[in-house]
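Following: one structure in structure tokens, then a few remarks.
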Amino acid sequence: MKTILPGQTIGIIGGGQLGRMMGLAAKEAGFKIAVLDPNMDSPCGQIADIRIVAPYDDEAALEELGEVSDVITYEFENIDYEGLERLSQIAYVPQGAELVRITQNRIAEKAEIQASGAPVANYVVAESFSELIAKIDQVGFPCIVKTAYGGYDGKGQVKLESANDLELAEPLFTHSACIAEAFVPFKTEISVIIQRNPEGESYCLPISENIHKHHILHESIVPARVAEAVIAKAEEAAKKIADHLELVGTLAVEMFVLENDEIVINELAPRPHNSGHYSIEACNVSQFHQHIRAVCGWPLRKPRLWASSVMVNVLGEHVVPLKKVVMNHPDWSIHLYGKAEAKEKRKMGHVTIMTEDIEKTLVEIDSTGIWS
Ligand code: AMP
């Protein structure tokens, strides 16, 4: 295992908020940051020592990133797999490219989760709409049809209540092959962020309960309000998946919790995750610090939660009202990512509130009217 030390340079593919928060964590310890992003003024570019401004699949730019960096990581999964694969031949990419290939494609992802022994919803793969019609009885209704590629935050998927709805799924096939999976009547959504170094040492962060609005993460509540037995099952499933994939770095495992406290894995993200942002304030090691430790070949720190907390996302439409009230809330830790344009539904920042009374804090958040 190679050890990367302060003073050396960490290259990040992708200059969004996840890269920025990774970069800030690394800079605290004295690492230098190089970032590849098509925008000059990206959230991570603003804090980086070296900016390479080019598309993610620009071969020369990837080579340049490799030349200036002692280790390379990435902050989102929709980077160019072939480019990352080539880069890993000429530069140190401890995470490899395989995890990106798998998580870019729901079909491969589902197969790998299943192969790890973790539970997934009953599903079928369909290359075409006619194949979907032929196979749908194996899943039944209600079900959700999802494109293999490019779906996020609820995009590229439709729910079918009955056979009468089947034609709603037809347009998805112009995009790619699809999977159809049984609708899971979950009571809670949770995520486990597991982090692993090249030696195979791994830890889960305290598990977050996630509340979505319009398919976008709205609030993360930690610890998740679920039974101890659910926590144990969730961590066990995340560890199975991480070990099966020989994870290095960070994997966010999104899960459903059913009425009977069984869990079903929904999907994976091979990077720090929005539902782990609370760890910046509320843990002895944030998901970003731990990610840097993992890719730099450092021993990992056992995560500890200082206080229960609520993280609430700040989208474009929330920025102006948030600024009006933030002075009244000294206990709110406000993070804004430096994005120039506050477009509606665009993730602009988040607020973390450490609290002894989760329920009261949830009511307080609602009563500001910012997120209604
Ligand atoms: P995804 O893009 O797969 O994360 O799905 C976005 C959201 O859709 C999830 O967070 C769930 O709220 C919902 N969802 C996705 N798959 C299912 C399912 N099989 N059953 C019920 N809800 C689902």
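The values are calculated or read from the model by the stated rules, or taken from the named source; none is laboratory data. Predicted, not measured: the structure shown is a model, and the values here were computed from it. Quick reminder, even Gly has a Cβ in these numbers, built from the backbone with ideal geometry, and neighbours come from all protein chains shown.
Some observations on this one:
- Test result for Leu99, crowded, with 22+ Cβ neighbours inside 10 Å, out of contact with any helix residue (DSSP H, G or I) (no Cβ under 8 Å at 6 or more places or on another chain) and not assigned by TED's automatic domain parsing to the domain that holds Gly150: yes
- Of the helices (runs of 4 or more DSSP H) lying entirely inside the range 9-116, the ones with 2 or more residues being within 21 Å of the chain's Cα centre (by Cα) are found at 17-28, 81-90, 98-103, 106-116.
- Filter result (closer than 13 Å to Leu132 by Cα and either among the hydrophobic types (A, V, I, L, M, F, W, C) or surrounded by fewer than 20 Cβ atoms within 10 Å (Cβ to Cβ) (or both)) within the range 170-181: Glu170, Pro171, Leu172, Phe173, Ser176, Ala177, Cys178, Ile179, Ala180
- Selection count, the range 340-364, where residues are under 23 Å from Leu18 (Cβ atoms) and among the β-branched types (Val, Ile, Thr): 3
- For first residues located in the range 314-339 and part of a strand (DSSP E or B), partners that are among the hydroxyl-bearing types (Ser, Thr, Tyr) and lie 6+ apart or on another chain with Cβ distances below 7 Å form the pairs Ser333/Thr352.
- Exclusive hit being polar (S, T, N, Q), touching a strand residue (DSSP E or B) at 6+ places or on another chain (Cβ under 6 Å) and either farther than 27 Å from Met255 by Cα or in the same structural domain as Glu254 (by TED's automatic domain parsing) (or both), set Ser88, Ser69: Ser69
- Of residues in the range 115-134 being free of Cβ contacts under 8 Å to residues at least 60 places away in the same chain and within 16 Å of the ligand (Cβ to nearest atom), the one surrounded by the fewest Cβ atoms within 10 Å (Cβ to Cβ): Val125
- Counting only strands (runs of 3 or more DSSP E) that fall entirely inside the range 148-198 and contain at least 3 residues that are more than 11 Å from the ligand (Cβ to nearest atom), closer than 29 Å to Ser220 by Cα and not assigned by TED's automatic domain parsing to the domain that holds Thr73, the qualifying elements are 188-196.
- Residue match in the range 201-221 (condition: away from the ligand (no atom under 14 Å from the Cβ) and closer than 25 Å to His318 by Cα): yes
For every residue, the table says whether it meets (1) closer than 23 Å to Gln114 by Cβ; (2) away from the ligand (no atom under 16 Å from the Cβ).
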{"residue": "Leu251", "(1), (2)": "yes, no"}
{"residue": "Gly276", "(1), (2)": "no, no"}
{"residue": "Ile292", "(1), (2)": "no, yes"}
{"residue": "Gly297", "(1), (2)": "no, yes"}
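- Output for the range 139-165, where each listed residue is exposed (fewer than 14 other Cβ atoms within 10 Å of the Cβ) and more than 30 Å from the chain's Cα centre (by Cα): Ser162, Ala163, Asn164
- Which listed residue, of Val314, Val319, Val351, Val326, is surrounded by fewer than 16 Cβ atoms within 10 Å (Cβ to Cβ) and in the same structural domain as Tyr278 (by TED's automatic domain parsing): Val326
- Residue among Asn284, Asn260 that alone is within 16 Å of the ligand (Cβ to nearest atom), more than 20 Å from Leu99 (Cα to Cα) and surrounded by fewer than 23 Cβ atoms within 10 Å (Cβ to Cβ): Asn260
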